[in-house]
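The values are calculated or read from the model by the stated rules, or taken from the named source; none is laboratory data. Just so you know, these numbers come straight off a predicted model, no measurement behind them. All Cβ positions, glycine included, derive from the backbone under ideal geometry; neighbour counts span all protein chains shown. Just so you know, the surface numbers come from the protein's heavy atoms only, side chains and all, with ligands and any DNA or RNA stripped out. Shrake-Rupley method; radii C 1.70, N 1.55, O 1.52, S 1.80 Å.
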Amino acid sequence: MEKSFLIKPMLDEDYPVIDYGKGVYLFDMEGKKYLDAASGAVTANIGHGVAEIIEAMQEQAKKVSFVYRSQFTSGAAEKLAEKIAALLPGELNWSFFVNSGSEATETAMKMAIQYWQEKGIHTKTKVLSRWVSYHGITLGALSMSGHTGRRARFVPLLEDFPVINPPYCYRCPYNLTAPACNYLCARELKQAIERIGAEKIAAFIAEPVIGAAGGAIAPPKDYFKTIKEICDAHDILFIADEVMTGSGRTGTMLACEHWDITPDIVALGKGLGAGYAPIAAAVASEKVMEPILAGSKSVMSGHTLSANPQSCAVSLAVLEYLEKNEIMKEVENKGVYLRNELENLKGQYPFVGDVRGKGLLLGIEFVEDRFTKTPFPRKALVTQRMVSLAKEKGLIVYPAGAGIDGVNGDSIIISPPLTINMKEMEELVSLLGETFEAFSNQINLKMAGDN
């Protein structure tokens with residue numbers, strides 16, 4: 001291969017060059033087909049090569065592709081903000097458009113702090129979060145993240161925002177079962193607030209379903225109800241990081257809707273543009289915006305390409321496509337089918353410890369011993385091997401962390417485009433079964449060699 005000057009995730013690895021995508025499939029320059037069971041990075045929610053989206057891109061490009069937000073607004077940005085206000089629950093009406101999920105969560109953090117400042121309270125500057133969480137790679141977003149591996153290089157630059165355990169029922173730190181546990185992992189938040197002081201805390205941020213840090217960990221039924229009650233009782237805003245879970249991924253516009261809670265601020269991304277353009281948003285409620293509108297009248301954040309009309313036009317087309325084709329209505333049934341099939345695979349392969357998730361955001365955790373839930377040794381690189389074996393078979397899955405310490409554990413995420421059909425889901429499961437069989441053979445060969 002010719003020398004490349006592109007900084008890729010692994011500099012010494014050869015990556016296939018993708019030629020084109022169609023539906024749930026990607027095709028490389030060698031003609032190999034891949035079933036994109038990860039939607040890239042849980043992003044390509046409506047699949048690849050959708051004609052309506054391409055048409056919307058072209059139409060906007062004919063008009064204007066860039067205006068600077070402090071000088072102009074655009075019809076595309078205004079219409080997208082209006083559409084999001086209509087689709088989101090409660091009074092989540094005010095959209096601040098950015099370019100990535102990391103920017104969205106960081107903007108949400110800044111909004112929360114500014115909210116209190118505009119109310120004359122300048123001590124509330126901390127944003128609490130959970131361990132085994134990931135909110136982005138910029139320094140503010142990484143400070144909120146409880147992803148041990150991604151924090152490691154930058155710890156001296158980061159704030160200590162993660163304070164409580166995740167709702168990780170498979171590895172409950174209390175060795176209890178919901179609901180008999182009384183949601184002790186959620187009640188840790190009350191204790192943390194009392195130790196730090198509510199007067200110092202602006203907000204609490206959480207992913208409704210934990211993604212990259214935990215492999216699609218979904219909470220038990222009343223977990224978020226408990227979290228929201230604690231936040232409200234202590235005058236602390238609740239930020240939902242729906243970058244991965246939003247835009248229909250779990251079957252509703254926001255995953256929070258499954259648990260009947262409405263955040264004060266929500267971060268959207270990934271599926272908001274479905275991979276057709278870089279776009280994300282921090283969406284604030286009327287409550288959050290009220291003191292800002294009455295005060296400085298300006299949210300202190302922004303980037304050169306914020307509210308870019310090209311990206312906004314694409315996102316609007318994506319949301320309209322979701323609505324017109326009633327795609328979200330089918331997500332729950334597809335998710336149930338796929339989860340049942342993954343459970344069947346779990347029955348066949350003892351290294352599958354847990355199958356979990358919500359809608360079409362599903363996770364599989366791998367263990368060396370299913371009965372003790374003992375993870376594989378770190379040096380075994382199980383997640384990386386699973387991803388590599390799947391890719392060889394023509395299946396793309398998403399690597400994720402696992403383990404209550406956020407270090408010792410392996411998992412993958414299965415998150416195909418929401419448009420996947422039954423035949424394609426059957427193919428997905430078949431290819432995953434082949435991947436597990438290949439991994440099983442590797443284990444057996446190693447055991448034979450060790451003997």
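Where does each of 27, 97 land when they are ordered by accessible area, with a 1.4 Å probe and the largest first? Could you put the intermediate results ahead of the total?
Details: 27 40, 97 10 Å².
Descending accessible area places them as 27, 97.
What's the FRET efficiency of residue 294 with residue 13 using the Cβ-Cβ distance as r and R₀ = 56 Å, to the nearest 0.05? Spell out each step's value before the answer.
Working: r = 53 Å, r/R0 = 0.95.
Efficiency, from the Cβ-Cβ distance: 0.55.
For the chain, what does the accessible surface come to per residue with a 1.4 Å probe? Please give it in Å².
Numbers: 20060 Å² over 451 residues.
With the other protein chains kept in place, the chain gives 44 Å² per residue.
Which three lengths, in whole Å and largest first, does the stretch 288-346 cover when its Cα atoms are put on their principal axes?
Cα extents, longest axis first: 56, 26, 21 Å.
Could you tell me the convex hull volume per residue, in Å³, taken over the Cα atoms of the stretch 31-93?
Working: hull volume 10.0 nm³, N = 63.
Value for the stretch 31-93: 159 Å³ per residue.
With each pseudo-label sitting 7 Å past Cα toward Cβ, what's the residue 407-residue 440 distance in nm, one decimal?
The answer from the label model is 3.3 nm.
Shape call for the stretch 139-282 from the C-alpha gyration tensor, a ≥ b ≥ c root eigenvalues: rounded (a/c under 1.5), prolate (a/b greater than b/c) or oblate? Can you show the working numbers first?
On the way: a/c = 1.41, a/b = 1.17, b/c = 1.21.
Note, shape of the stretch 139-282 comes out rounded.
What percentage of the solvent-accessible surface of the stretch 365-426, computed with a 1.4 Å probe over protein heavy atoms, is contributed by carbon and sulfur atoms?
57
Local charge sum around residue 161 (other residues, Cβ-Cβ under 13 Å, Lys/Arg +1, Asp/Glu -1)?
On the way: positive: 126, 130, 151, 200; negative: 106, 159, 160, 241.
Counting the neighbours of residue 161, the net charge comes to 0.
Just report the Cα centroid separation between the stretch 1-52 and the stretch 97-114, whole Å.
28
Could you give the size of the charge dipole of the stretch 329-451 about its Cα centre, using +1 on the Cβ of each K and R and -1 on the Cβ of each D and E, expressed in debye and rounded to the nearest 20? Don't skip to the answer; put the middle values down first.
Working: 15 positive and 17 negative charges, 43 e Å.
In debye, rounded to 20, the stretch 329-451 gives about 200.
Provide the gained length on full extension for the span residue 71 to residue 159, in nm with one decimal, where the gain is 0.36 nm per separating residue minus the Cα-Cα distance.
Values: separation 88, 0.36 × 88 = 31.68 nm, distance 3.42 nm.
Using 0.36 nm per residue and subtracting the Cα-Cα distance, I get 28.3 nm.
What ³J(HN,Hα) values, in whole Hz, does the Karplus curve 6.51 cos²θ - 1.76 cosθ + 1.60 give for the stretch 21-29 when θ = phi - 60°, with x put for Gly and Pro?
Working through the residues one at a time gives x, 8, x, 8, 10, 10, 10, 8, 5 Hz.
Tally up the carbon and sulfur contribution to the accessible surface of the stretch 146-223 as a whole percent, 1.4 Å probe, everything protein left in place. Write down the numbers at each step before the final one.
Details: 1820 of 3510 Å².
Ligands and nucleic acids excluded, carbon and sulfur reach 52 percent.
Quick one: dipole size for the chain, taken about the Cα centre, charges +1 on Lys/Arg Cβ and -1 on Asp/Glu Cβ, in debye to the nearest 20. Working shown, then result.
Working: 46 positive and 54 negative charges, 145 e Å.
The calculation lands at about 700 debye.
With a sphere of radius 11 Å drawn around the Cβ of residue 288, what net charge do the other residues whose Cβ falls strictly inside it have (Lys, Arg +1; Asp, Glu -1)? Before the final figure, lay out each step's value.
Working: positive: 119, 287; negative: 91, 118, 264, 286, 290.
Spelling it out: positives minus negatives among the neighbours equals -3.
Roughly how far apart, in whole Å, are the Cα centres of the stretch 256-300 and the stretch 419-437?
35
Given the peptides 3-12, 112-121, 293-302, 161-170, arrange them by the average over their residues of other C-beta atoms within 10 Å, most packed first. All intermediate terms of the calculation are to be shown ahead of the outcome.
Details: 3-12: 6.7, 112-121: 18.9, 293-302: 13.3, 161-170: 22.1.
For the peptides 3-12, 112-121, 293-302, 161-170, the packing ranking is 161-170, 112-121, 293-302, 3-12.
Tally Lys and Arg at +1 and Asp and Glu at -1 over the other residues with C-beta under 11 Å from the C-beta of residue 208: what net charge comes out?
The answer is -2.
Take each of the peptides 123-135, 148-160, 398-410, 228-240, average the number of other beta-carbon atoms within 10 Å over its residues, and list them starting from the highest.
Numbers: 123-135: 24.2, 148-160: 12.3, 398-410: 21.7, 228-240: 20.1.
Those peptides, ordered most packed to least, come out 123-135, 398-410, 228-240, 148-160.
Write out the chymotrypsin sites (Phe, Trp or Tyr not before Pro) in the stretch 304-373 meeting two conditions: DSSP loop, and at most 16 other Cβ atoms within 10 Å of their Cβ.
Values: sites: 321, 337, 351, 366, 371; in loops: 351, 371.
Sites meeting the loop and neighbour criteria: 371.
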